[in-house]
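**Q** Dropping the structure in here first, questions after.
Since every read-out is calculated from the coordinates, none of them should be taken as a lab result. These figures come from a predicted structure and were not determined experimentally. FYI the Cβ positions are ideal-geometry reconstructions off the backbone, even for glycines, and counts take in every protein chain you see.
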Amino acid sequence: MAYMEGASKASALTRDLSELLRYTLRKSEELIPLQDELGLLQHYINIQKERFGDRIRFSVAVDEESVGDRYRVSLPCMILQPLVENAIVHGLESSVEGGDVNISVWGEEAMLFASVRDNGCGFDPEEVRHRVENRVGLKSTMSRLTLHYGENCRFSVESAPGKGCAITLAVPRMAPLETADSRQEADVFPKGV
């Protein structure tokens with residue numbers, strides 16, 4: 001029985017990793033529907049849950065009313081994953097107790113907001129600029145946002161020692177270009193994410 005359970009977990013992890021790699025290689029610079037981005041993020045979270053067990057807990061909250069149709073709002077592919085990875089690696093991984101990573105998505109007027117917040121070690125607010133400029137994931141995220149949205153996007157980092165960190169991005173609500181192929185791809189990901 002334990003062998004079957006292990007094989008099932010390995011199969012699920014392989015699927016999660018395969019979906020991440022397949023989508024990343026194919027669409028790394030494209031805008032994709034929010035639903036797809038959340039599906040990709042869930043695959044990444046599944047891998048991290050297996051890695052850390054109960055030590056690091058994840059929650060994803062989408063304000064459906066303010067966001068609207070998840071297939072009609074878009075983000076650059078894999079834009080949220082580096083923020084979650086940053087929360088794990090720099091905020092929680094070294095903590096014996098672990099902690100929480102909370103991902104929130106909501107809309108306000110013409111903007112879509114996404115926030116990744118952890119309750120890890122945090123850092124001095126005066127270090128924000130240095131960390132953003134020198135951390136590959138954050139720097140890449142900012143560059144990609146600027147590439148897609150120019151000056152119409154915002155990126156903020158809030159932190160304090162012992163209080164965790166919150167990274168929030170804001171982008172204009174834009175519908176991705178709709179193609180038969182993209183709609184078929186979108187149906188690969190779970191709708192309940």
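**Q** Tally Lys/Arg at +1 and Asp/Glu at -1 over every other residue whose Cβ is under 11 Å from the Cβ of V171; what's the total?
**A** +3
**Q** Cβ under 14 Å from A61's Cβ, A61 left aside: what net charge do those residues give with Lys, Arg +1 and Asp, Glu -1? List each step's numbers first, then the result.
**A** Working: positive: R57, R70, R117; negative: D63, E64, E65, D100.
So the surrounding residues net to -1.
**Q** As an exercise, use a Förster radius of 41 Å and the Cβ-Cβ distance of A160 and L13 to find the FRET efficiency, rounded to the nearest 0.05.
**A** Computed FRET efficiency for A160 and L13: 0.75.
**Q** A follow-up question, please. Given that compact globular proteins tend to follow 2.2 N^0.38 Å, what is the ratio of the alpha-carbon Rg of segment 15-165 to that value? The partial results should precede the final answer.
**A** Working: Rg = 15.2 Å, N = 151, 2.2 N^0.38 = 14.8 Å.
Here the Cα radius of gyration is 1.03 times the empirical estimate.
**Q** When ranked by the protection proxy of mean other Cβ atoms within 10 Å per residue, highest first, what sequence do the peptides 103-116, 146-159 form?
**A** Going from most to least packed, we get 103-116, 146-159.
**Q** R135 to V89: extension gain in nm, 0.36 nm per residue of separation minus the Cα-Cα distance?
**A** So the chain would gain 15.4 nm between R135 and V89.
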